[in-house]
Amino acid sequence: MKPQNLTAEEQYNKMVNTPVSRLITSLAVPTVISMLVTAIYNMADTFFVSHINTQASAAVGIVFPIMSIIQAVGFTLGMGSGSLVSIRLGQKRNEEASIIASTALFTALGVGALITIFGNLFAPQVLSLVGASESVLPYAQQYGRFIFWGAPLMCASFVLNNVLRSEGKAFFSMIALTSGGLINIALDPLFIYGFGMGISGAAVATIVSQTISFMILLSWFLRGKAVCHMSIKLFRGTVDVLGKTVATGVPSLARQGLASVATILLNTTAGAYGDSAVAAMSITTKIVMFVAAIMIGIGQGFSPVSGYNYGAKRYDRVKKAYRFLVGSGFAIMACFAIVIFIFANQIMHGFIKDEAAVAVGVVALRWQIAFIPFHPLIVGTNMLMQSTRHIKAATFLSMNRQGVYFIPAILILPRLFGLRGVETSQAAADILSAFTAIPYLIHMFRKLDRLAKENEVARS
């Protein structure tokens with residue numbers, strides 16, 4: 001499969017006329033590969049670091065909410081600009097799409113620079129706040145300081161990545177993310193053990209790989225391979241451009257921001273049961289994220305199809321795309337759930353030898369993976385709302401899984417059931433999030449039917 005450098009008109013025809021199942025698959029496959037490679041190199045950090053000691057493994061989990069904050073900025077600007085770009089391209093307003101994309105890129109670089117400055121000035125206080133114990137804090141500082149330095153390029157990469165996907169050019173994105181991910185996996189053992197850098201080596205490997213990914217992503221725009229053009233001259237810090245971009249990305253901000261809060265609460269709650277419990281929940285989270293990355297990848301293959309066709313008033317294709325997304329997603333998630341549930345013990349032993357951590361991790365992993373088939377409904381409905389600019393609904397739905405439902409669960413269930421409450425909180429949140437998405441989906445489908453009828457009347 002080779003990337004195609006289509007003209008804007010050819011790209012438009014592709015997005016609104018190709019059968020949705022084939023179109024989503026063609027966009028989702030490279031996106032899923034990108035997401036999996038990203039998840040694998042995140043797991044690689046955890047895998048290699050866990051062989052240093054339990055505290056080092058816990059430190060990676062402690063820094064994770066910091067990375068979630070960086071991702072929240074990137075996703076907010078990336079998904080916000082991506083949704084607007086796909087709609088503008090569907091309306092053949094290409095110059096406006098370039099202005100939106102450029103504004104998002106340079107805003108991401110600026111906000112990332114602020115995170116770098118703040119993080120390096122207040123690293124000990126920030127890491128203690130997110131749950132680092134005295135024994136874990138030194139390892140968290142060694143790992144976190146490099147992550148802070150990488151914030152600008154990490155934020156900007158999310159924007160470039162999502163703009164390419166919004167154009168329907170997920171293959172270009174895959175090349176960049178896969179290259180960076182594979183380099184990260186190769187550099188982890190080299191820096192950690194070969195150069196004797198310990199946990200700092202894992203962070204350096206991450207930053208090197210992120211820089212390479214950013215340069216490759218940017219090269220597609222500089223070489224004219226993308227429909228959108230990136231230039232500081234196109235930056236518009238106005239309400240109509242930056243304001244709409246941020247507003248459209250608010251669901252992603254809510255989702256990723258609450259993911260950070262959820263991880264902090266998870267770390268602090270698990271910390272009451274020792275470093276082994278923190279390490280176990282960190283490993284469990286990374287494993288579940290690996291599987292969830294597949295669903296998010298399929299969803300990001302769906303999002304530009306939904307946005308393009310909604311902008312082009314092809315409402316029937318939006319519905320068909322959603323049905324394909326949920327059906328294929330459920331089948332894939334169910335297969336992973338069965339395998340991981342059965343082999344949970346062996347999987348946890350592959351990451352860590354601390355038997356106390358393994359015992360906690362196996363229970364938590366089985367509870368969480370058993371309900372991951374609900375993710376297609378949760379993710380799909382959220383992305384349907386966001387890609388069609390139903391911002392309030394998308395924001396609320398994005399807040400449920402790791403906010404509206406998870407935060408009360410992690411605060412209440414451990415008080416009632418002890419450690420078992422920590423292990424089962426995410427599963428409870430997943431169930432409630434799935435059922436909450438159903439009435440929003442029904443309402444949206446009825447609206448699409450109404451718009452389709454109005455469009456037919458207008459054309460007749």
> With Val239, Val246 as the choices, which residue is β-branched (Val, Ile, Thr), touching a residue at least 24 places away in the same chain (Cβ under 8 Å) and open to solvent by 30 Å² or more (accessible area, probe 1.4 Å)?
Replying inline: Val246
> On the given criteria, is Asp275 among the charged types (D, E, K, R) and in contact (Cβ under 8 Å) with a residue 60 or more places away in the chain?
Replying inline: yes
> Among the listed residues Val318, Val241, Val288, which satisfies the condition of being within 30 Å of Arg415 (Cβ to Cβ) and either touching a helix residue (DSSP H, G or I) at 6+ places or on another chain (Cβ under 6 Å) or modelled with pLDDT under 90 (or both)?
Replying inline: Val288
> Within the bounds of the stretch 31-45, is there any residue that is of a type outside the set (A, V, I, L, M), modelled with pLDDT of 85 or more and open to solvent by 10 Å² or more (accessible area, probe 1.4 Å)?
Replying inline: no
>> Just to verify a result, which residue in the stretch 249-278, among those that are modelled with pLDDT under 85 and β-branched (Val, Ile, Thr), is nearest to Ser157 (Cα to Cα)?
In response: Val250
>> Quick check on the stretch 381-421: of everything there that is closer than 20 Å to Gly78 by Cα and of a type in the set (Lys, Arg), which residue is modelled with the highest pLDDT?
In response: Lys392
>> Whether any residue in the stretch 422-433 is among the hydrophobic types (A, V, I, L, M, F, W, C), more than 19 Å from Phe324 (Cα to Cα) and without any contact (Cβ under 8 Å) to a residue 12 or more places away in the chain is what I want to check.
In response: no
>> When the residues of the stretch 69-88 are narrowed to those that are open to solvent by 10 Å² or more (accessible area, probe 1.4 Å) and out of contact with any Ser or Thr (no Cβ under 7 Å at 6 or more places or on another chain), which ends up modelled with the lowest pLDDT?
In response: Ile87
>> Return the residues of the stretch 173-186 that are surrounded by fewer than 21 Cβ atoms within 10 Å (Cβ to Cβ) and under 21 Å from the mean Cα position of the chain (by Cα); say none if nothing qualifies.
In response: Ile175, Thr178, Ser179, Leu182, Ile183, Ile185
>> Condition first: outside any helix (DSSP H, G or I) and crowded, with 23+ Cβ neighbours inside 10 Å. Now tell me which residues in the stretch 132-169 satisfy that.
In response: Ala132, Val136, Gly150, Glu167, Gly168, Lys169
> What is the residue count in the stretch 303-314 for residues that are assigned to a helix (DSSP H, G or I) and either open to solvent by less than 20 Å² (accessible area, probe 1.4 Å) or modelled with pLDDT under 90 (or both)?
Replying inline: 8
>> Here is a check on your reading of the model: is Pro189 out of contact with any strand residue (DSSP E or B) (no Cβ under 7 Å at 6 or more places or on another chain), surrounded by fewer than 24 Cβ atoms within 10 Å (Cβ to Cβ) and either over 19 Å from Gly112 (Cβ atoms) or of a type in the set (Gly, Ala, Ser) (or both)?
In response: yes
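The values are calculated or read from the model by the stated rules, or taken from the named source; none is laboratory data. Worth saying up front: this structure is predicted, and the values here are computed from it rather than measured. Quick reminder, even Gly has a Cβ in these numbers, built from the backbone with ideal geometry, and neighbours come from all protein chains shown. Heavy atoms of the whole protein, side chains included, go into the accessibility calculation; ligands, DNA and RNA do not. Shrake-Rupley method; radii C 1.70, N 1.55, O 1.52, S 1.80 Å.
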